[in-house]
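The values are calculated or read from the model by the stated rules, or taken from the named source; none is laboratory data. Source: prediction; values computed, not measured. Note that we place each Cβ from the backbone using ideal geometry, even for glycine, and neighbour counts take in every protein chain shown. Surface areas here come from the heavy atoms of the whole protein model, side chains and all, with no ligands, DNA or RNA. Shrake-Rupley method; radii C 1.70, N 1.55, O 1.52, S 1.80 Å.
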Amino acid sequence: MSRIVLESLTKTYPGAPRPAVRGFDLDLPAGTLTTLVGPSGCGKSTVLRLIAGLAEPDAGRILIGGQPMAGIPPERRGAVLMGQDHRLFPHMSVAENVGFGLRMRGVDPAVIRSKVADMLDLVQLPGLESRRPSELSGGQAQRVALARALVVEPAVLLLDEPLSDLDPELRLDMRDLIRRAQHQTGITTLFVTHDREEAVAVADRTAVMLAGELARHGRPADVFERPLTRAVALFMGATNVLDGRFDGRSVTTSIGTLTLAAPPPPEATAVVIRPERIRLSAGSGTSGVNTFACSIKSLEYRGTHVVATVAAATDMLVVAVPAEAAAGHGVGDPVAVHLPPEALQPVSG
Amino acid sequence: MPIPRRIVLGLLAGALALPVAARAAPLSEDALRTAPFETIVEAARGGTVNFFLWGGDDRINAYVSGPLAEALKAEYGITLNRVGVADTAEVVNQILSEQEAGVTDGGAVDLVWINGENFRTLKTGGLLLCGYAERLPNARFVDWSDPSIANDFGTPVDGCEVPWSKARFALAYDSARTAEPPKTMAAFLDWVRANPGRFTYAAPPDFNGSAFVRHVFMHAAGGAEALSGPFDQARFDAAAEKAYGLLDDLEPFLWREGRTYPTDIAQLNQLFANSEVDFTFNYEPTVFGAGVADGRFPETTRSFAFDDGTLANTSYVAVPFNAANKAAALVLANHLLSPAEQLRKADPAVWGMATALDLDRLTPAEAEAFRALPRHPAVIADEDLADRAMAELSADWLEAIEKGWIERVGR
Amino acid sequence: MPASIRLALMLLPAVVVLGGLFLGGLVLAIIRTVGIVPFAGRFDPTLEPWTRALQEPDLLLSILVTLWVAAASTLIATALGVGAALLLHRAGGGRLVTLLVQFNLTVPHVVTAVGMAWLLGQSGVLARLAHGAGAIDRPGDFPALVNDPWFVADIVAYVAKEVPFVAVVALAMLAAVGSAPAITARCLGATPLQAFRHVTWPLIRPGILAAATVVFAFVLGTYEVPAVLGPSHPKALPVLAYQMFTSNDIADRPAAIVVSLLMAAVGVVCLVAVRRLMRGISGLEVVR
Amino acid sequence: MTAFGAALPRRAGALVRRAAARPQGFAARSALALLLVLLVAPFLPVVVWSVTRAWFYPAIVPQTLDLSAWTSVFSATSGVPAALGRSVLIALSATGLAMLFGVPAGRALALHRFPGRRLVEVLVLAPLVVPPLAVAMGLHAVFLKIGLAGTVPGVVLAHIIPTLPYVILVSASVFSAFDTGLEDQARSLGATPSQVLRHVTVPLLAPGLAVAALFAFLVSWSQYGLTLLVGSGRVPTMPLILMQFVTAGRQDVAGAIAVLTVLPGVLALVLSARILAAAAARERTTS
């Protein structure tokens, strides 16, 4: 159980036009599970490779348990990487795969056997020792990979999109398993994902990474609800961004003047609101604060909910409405939208 | 880095490591020419001698690597390393290459079986150790005044090589197919014209094919005397006109109408053995006996020489200027001349190559042993050959004839 | 270790070895033909070896027959090799069949040449069978295939040797392409022949052409096969070069190098071609 | 046809398909058989000659069984056993060195982009298409000067020229299909670089590397001209000894030597086929 500190990491791959990671700072308290979320190609995996020692940073420091990692080879860092592709060694049995790290450390075979059995119990695959990787299902393979990573009791567990190749059902199971295993072992874990829901679901802390830089870091709910910057907000799914002029607790936007729940920070340039936080009501009544008349431009059925695009003044808003609430509406119907002040988040950038 | 560097470097060093030959303290060239032979024997003891010779006959190989090597080891403690080559020209080439590369000492070749233009090339290039030959103790059994010993294809030997064997040209036929072979060149040529497709000869510069062409040349020139002595362009031109004309006219009657020729004597031998043609020939008639014994020729093979004369030569051993083990080479050259070793080599059961010694210089018992050696029925009697022997042309003549053949007949 | 140094260490041994031995040897050969032998400290610039070699009366004919043998062998070997691969691919030839096809890969050229001489010669096995069947009387009645000016036995020997090589490459290409494209073509209405002609062949062609180029260049430079099976005249280029190199006349040697350099020049033309053809096959182009 | 076949009961469908496939299968099999005969034919007289002598035209079958060629080949004075050993030593050394130099280079070419890549590729491919005679003639003088000409190490070095490109090409294609993530994974799990090599890279690539080694071995084993020139005729390998007896017209001895010359290559082929088959079997049983 170790604290991991990343200090202004920068890494540029040879021949690449810009750095994959730039001035990246992150503090992972010991024993926590942090998710690192960002779009594809933002440099998340590079951060993991840098921590694992599979790539060397051009600048910056990595501290694991207070130890600077510069020049320490991967096998001596105690940081185990587990990827989306389970990367089980195809020429070894499940037991040999799980026991690999221990074998490399010269651990007594009897000890290896018992630890392997324990780990397979933990990942709920008891008795599969003699199987070959090719005889496993995708979910099983991923569990074996998790067991293989955990068995060496690493200081840090680095998970690189471990769920993205799994079916939706399995994803949830595996997510729970990872969460449980992390709790049980207390291994400091960095979990990389591009799925923002996953990112906030399992984590103690969530970090958002955009274009090689750390954009936001905090408790999952904070990051989700209070993105602080336009880019983070967009990435976290706050589709509606309204530029505006701030004046005390009100802001003038293209759809009208909105009232905020709290005074905005001075650097705020826009407000954002998530589609599911906007309320839609029939008719054109515009009574109440932050309520505007609009008309429905399109309706898109999404199963659990309906996504409505509404025209409000000169702008468009995207609204997510529970399916049954949307039942009475049709394209072209006049409606009223209400933007609750507490759901409006001022952002900068 | 998947492979530790020290392993790579270690293997590289291993691969590049040169074999360091242990050598006895070498005698100077002068010492080799002047010192008592015992000194040379002492200097050679425990050493090695690399003997280069044609390696395509397992009987020769077995003789050299077997009894000869054993005798050298037993008597002098010298290890004989036989190096078989496909063509003696390769050895000449090796020595030329070494000279060109500036390898003036520690050369690969200690002793080489050689004669003719190969000898001339090395001698004129100054690439041989000279002046020791007649000083070898066993040199007293050799008649150095015999022109066929003193001149190697017209090149004076000058103590630069030591005679080993004598050879005379003979033709072979299959008595089951050809009752009575034509015994003069004129009759032979008539036979060829009368039996189209049943004769061919190996294309010069094959050693034996070239010898056959020289026989035709001497016939066309009206006898060996016309071509004797040093090379003369006018005499050559006159003879060439007739000889190449004759060979050209012969082509339609040859195997495959003379469009192509066997490239070496082995091919001609196979054509003969499989009755594709009715004659083969060789500068060393014991080959016919050996060939019957090892299944290369039919049992009914017999041999003969032209009544109007057959070429004779001597083959020698020589020591290159840069030989690494000159003393051991001299000891071996001397040993090859010993009557006992010459007798063993002349035995058809061992090899059958005719001796280079002058029997008159041996004890009567020794001489009798040579005369009493058995003869294979396929091999022409030595006295039949000796009667008809003609001296070889000089190497210049030889080269001009070969070159002319390639240009005028071969293509 | 920085990645660039690691990379250099991976490449360096091969580059040094090939650069030193291959390029070094080639450069030494070239400068020697103009009279420079650095290791013997000789420096007498001259073009004599070039004029000597180019005046060699058989040179042009030798070049032509060598090209003829290489072209004919390559064409036939490639066609048969691809055919064998298709058959093996389809019939899924057992391990034994595959091993037998590959058997010739293990046979040194000199052995194949010798065997071919004994098989195809006018008194060889086939001639004897023909005699046994009453088709010929004397060896001379059997067609002259060995040592003939058309190099028939040479070509047959190369074909026998190189078919397995082409087949192995073609099998690998076929395995890489898989049967899906051809099946798709068949589903779209192509006949088996059309499917091969328009779909499978274009996909495997680069590999086949590369293999054919290697075969061509190899045949161009091989000494032992024409030495055993070629006629006394004209001589294949490698035979001519080797005979000149081992000639008793030391002045012939740089000329021999000129002849083998001419051979290499043809090889370089092949290299340019193969570089174009190699695109898309072999690991060289598959870069992460 | 597909729909029809699917509608039939399973067994009947299989019969119909087999019947439809038969004429084609027969033609294919006959064509293959014919090709096999063509490929193996030149080797048959070689084998027959090794156990007979005096086998003259027009005899189709040799009149005598005679093993004296084998006796003579295996006699201590023939030099053939020594040449066989020498050939094996040379081919194994050349293969080992070519693998040592070539496998890392193949990996670099398959997995990395770097400046000068094109040049390296050209250098690697060049020995495949430039006949070795010119190169050998150039090397000859240097090798003589430094004492490598006519020595086994010299011949081994020369054999690296034709073998290395094959090793690099084959290993490049092997590495291009290799997931280097497995190596990273192993490092991350605590394996040192040499442990990764031993436990992950080599076992996984063994089949491909076996093919590379087989090619190298066969290429070296088959060399004639290079050995003759660089060896100055003093490093008699099996092909050289064979040629000596061929040019001497000793078909019986040449036949026996030829058979011996083929054996190690066949052995290498069978060995690598077994490695490949074992790898394939592993894949099969586990899928």
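All other residues with a Cβ under 12 Å from the Cβ of B:A329 taken together, and with Lys, Arg as +1 and Asp, Glu as -1, what is their net charge?
That sum, taken over residues with Cβ under 12 Å, equals -1.
Share of chain B's accessible area from carbon and sulfur, percent, 1.4 Å? The partial results should precede the final answer.
On the way: 8070 of 14880 Å².
On chain B, the fraction of accessible area on carbon and sulfur atoms equals 54 percent.
Can you tell me the equivalent ellipsoid semi-axes for the range A:44-161? Use √(5λ) from the Cα gyration tensor, largest first, whole Å.
Here the semi-axes work out to 27, 16, 11 Å.
If you put +1 on each Lys and Arg Cβ and -1 on each Asp and Glu Cβ, how big is the dipole of chain A around its Cα centre, in Debye rounded to 20? Intermediate values should be presented prior to the final figure.
Values: 35 positive and 37 negative charges, 113 e Å.
Dipole magnitude for chain A comes out near 540 debye.
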Worksheet entry | Links that overshoot a 23 Å alpha carbon limit, given the list B:K123/B:K166; B:K73/B:K326; B:K345/B:K403; B:K123/B:K345 | B:K345/B:K403; B:K123/B:K345
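Convex hull over the alpha-carbon atoms of chain B: what's its volume per residue in Å³?
Numbers: hull volume 73.6 nm³, N = 411.
Taking the convex hull of the Cα positions in chain B, it is 179 Å³ per residue.
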Item to complete: Indicate the residues belonging to the range C:206-222 that lose 20 Å² or more of solvent-accessible heavy-atom surface (probe 1.4 Å) upon moving from the chain alone to the assembly of all protein chains, ignoring ligands and nucleic acids.
Response: C:V214, C:A217, C:G221
Fill in: Dipole of the range C:16-147, positive direction: furthest Cα of C:G19, C:W50, C:F142, with charges on the beta-carbon
C:G19
Item to complete: Just read off the accessible area of B:R135 with the full protein assembly in place, 1.4 Å probe, to the nearest 10 Å².
Response: 110 Å²
Discussion item. So if I restrict to the alpha-carbon atoms in the range A:201-266, what is the Rg, and what is Dmax, the biggest pairwise distance, in Å?
Written reply: 13.7, 38
Worksheet entry | Spacing of the two label points (7 Å from each Cα toward its C-beta) at B:K242 and B:E134, in nm | 3.8 nm
Item to complete: For the range B:252-309 and the range A:186-222, write down the distance between their C-alpha centroids in whole Å.
Response: 93 Å
Response to the item:
Length gained, B:E366-B:T124, 0.36 nm per residue minus C-alpha separation, equals 83.4 nm
Discussion item. What whole-number volume per residue, in cubic angstrom, does the convex hull of the C-alpha atoms of the range D:66-286 give?
Written reply: 163 Å³
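Taking Cα pairs under 8 Å and at least six residues apart, what relative contact order does the range C:1-71 come out at, in percent? Could you put the intermediate results ahead of the total?
Values: 25 pairs, mean separation 10.6, N = 71.
It comes to 15 percent, rounded to a whole number.
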Worksheet item: Taking H as built 1.01 Å from N, whose amide H comes closer than 5 Å to the amide H of B:F279, not counting residues under 5 places away?
Response: B:T200
Practice prompt. Write down the accessible area per residue of chain B in Å², having rolled a 1.4 Å probe over the full set of protein chains.
Written response: 36 Å²
Practice prompt. Calculate, for C:T46 and D:L38, the FRET efficiency according to 1/(1 + (r/R0)^6) with r their C-beta to C-beta distance and R0 45 Å; round to the nearest 0.05.
Written response: 0.35
Worksheet item: Setting aside same-chain residues fewer than 8 positions from C:K161, which aspartates and glutamates have a Cα under 19 Å from its Cα?
Response: C:E224
Discussion item. Can you give me the long-range amide H partners of A:T229? Hydrogens built in the peptide plane at 1.01 Å from N, cutoff under 5 Å, separation of 5 or more residues or another chain.
Written reply: A:S348
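Sorting D:M238, A:M316 by accessible area (1.4 Å probe), largest first, what list results? Don't jump to the answer; show the numbers that get you there.
Details: D:M238 0, A:M316 100 Å².
I get A:M316, D:M238, largest accessible area first.
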Worksheet item: In terms of the ratio Rg/(2.2 N^0.38 Å) built on C-alpha atoms, what value belongs to the protein assembly as shown?
Response: 1.23
Worksheet item: What percentages, rounded to whole numbers, describe P(r) for the range B:271-404 computed over all alpha carbon pairs with 10 Å bin width beginning at zero?
Response: 10, 31, 34, 21, 4
Practice prompt. Based on alpha-carbon positions alone, could you give the equivalent ellipsoid semi-axes of chain C from the gyration tensor, as √(5λ), descending, whole Å?
Written response: 37, 32, 16
Worksheet item: So, counting K/R as plus one and D/E as minus one, what does the shell of residues with Cβ under 13 Å around A:L28 add up to?
Response: -2
Worksheet item: A:C294 accessible area, nearest 10 Å², 1.4 Å probe?
Response: 10 Å²
Worksheet, complete the sentence: Whole-percent carbon and sulfur contribution to the accessible surface of the range A:216-293 (1.4 Å, no ligands, DNA or RNA) stands at 53 percent
Worksheet entry | Backbone N under 18 Å from the A:D118 label point (7 Å along Cα→Cβ), restricted to the range A:84-103 | A:95-103
Response to the item:
Once the dipole of chain A is set up from charges on Cβ (+1 Lys and Arg, -1 Asp and Glu), the residue from the list A:A20, A:P39, A:V321 lying farthest towards its positive end is A:A20
Worksheet entry | Only Lys, Arg (+1) and Asp, Glu (-1) charged, at Cβ; chain D dipole about Cα centre in debye | 720 debye
Discussion item. Nearest 100 Å² is fine: what is the total accessible surface buried where chains D and C meet, probe 1.4 Å?
Written reply: 8200 Å²
Worksheet entry | chymotrypsin sites (Phe, Trp or Tyr not before Pro) within the range B:117-187: DSSP coil, no more than 16 neighbouring Cβ in 10 Å | B:W144
Worksheet item: What are the residues whose amide H is under 5 Å from the amide H of B:T310, where those residues sit 5 or more places off or on another chain and H is modelled from the backbone?
Response: B:A389, B:M390
Worksheet item: With Cβ to Cβ distances under 14 Å as the rule, what net charge do the other residues near C:P226 carry (K, R +1; D, E -1)?
Response: -3
Worksheet item: Given the C-alpha centroids of the range A:94-150 and the range B:26-90, what is the distance between them in whole angstrom?
Response: 69 Å
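Would you kindly give the portion of the calculated P(r) for the range C:140-180 that falls above 12 Å, as a percent of all Cα pairs?
Working: 554 of 820 pairs.
Tail of the P(r) past 12 Å holds 68 percent of the pairs.
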Discussion item. Can you compute 3J(HN,Hα) from phi for each residue in the range C:152-159, using the Karplus curve 6.51 cos²θ - 1.76 cosθ + 1.60 with θ = phi - 60°, rounded to whole Hz and x for Gly and Pro?
Written reply: 4, 5, 4, 5, 4, 5, 4, 4
Worksheet item: What is the distance, in nm, between label points placed 7 Å from the Cα along the Cα-to-Cβ direction at D:R198 and at A:D222?
Response: 4.9 nm
Practice prompt. Considering Cα pairs under 8 angstrom that are at least six residues apart, work out the relative contact order of chain A and quote it in whole percent.
Written response: 16 percent
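From the C-alpha gyration tensor of the range A:4-225, pull out the three semi-axes of the equivalent ellipsoid (sqrt of 5λ each), sorted largest to smallest, in whole Å. Present the calculation step by step, with values, prior to reporting the outcome.
Details: eigenvalues 163, 79, 50 Å².
Whole-Å semi-axes of the equivalent ellipsoid: 29, 20, 16.
Evaluate the relative contact order of the range D:66-286 (contact order divided by residue number), counting alpha-carbon pairs under 8 angstrom at least 6 apart; express in whole percent. Numbers along the way, then the final one.
Details: 238 pairs, mean separation 69.5, N = 221.
Here the relative contact order equals 31 percent.
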Discussion item. Can you compute log10 of I(q)/I(0) for the range C:82-162 with the Debye formula, treating each Cα as one identical point scatterer, at q = 0.26, 0.27 Å⁻¹?
Written reply: -1.09, -1.13
Discussion item. Rounded to the nearest 10 Å², what accessible area does D:D184 have for a 1.4 Å probe in the complete protein model?
Written reply: 40 Å²
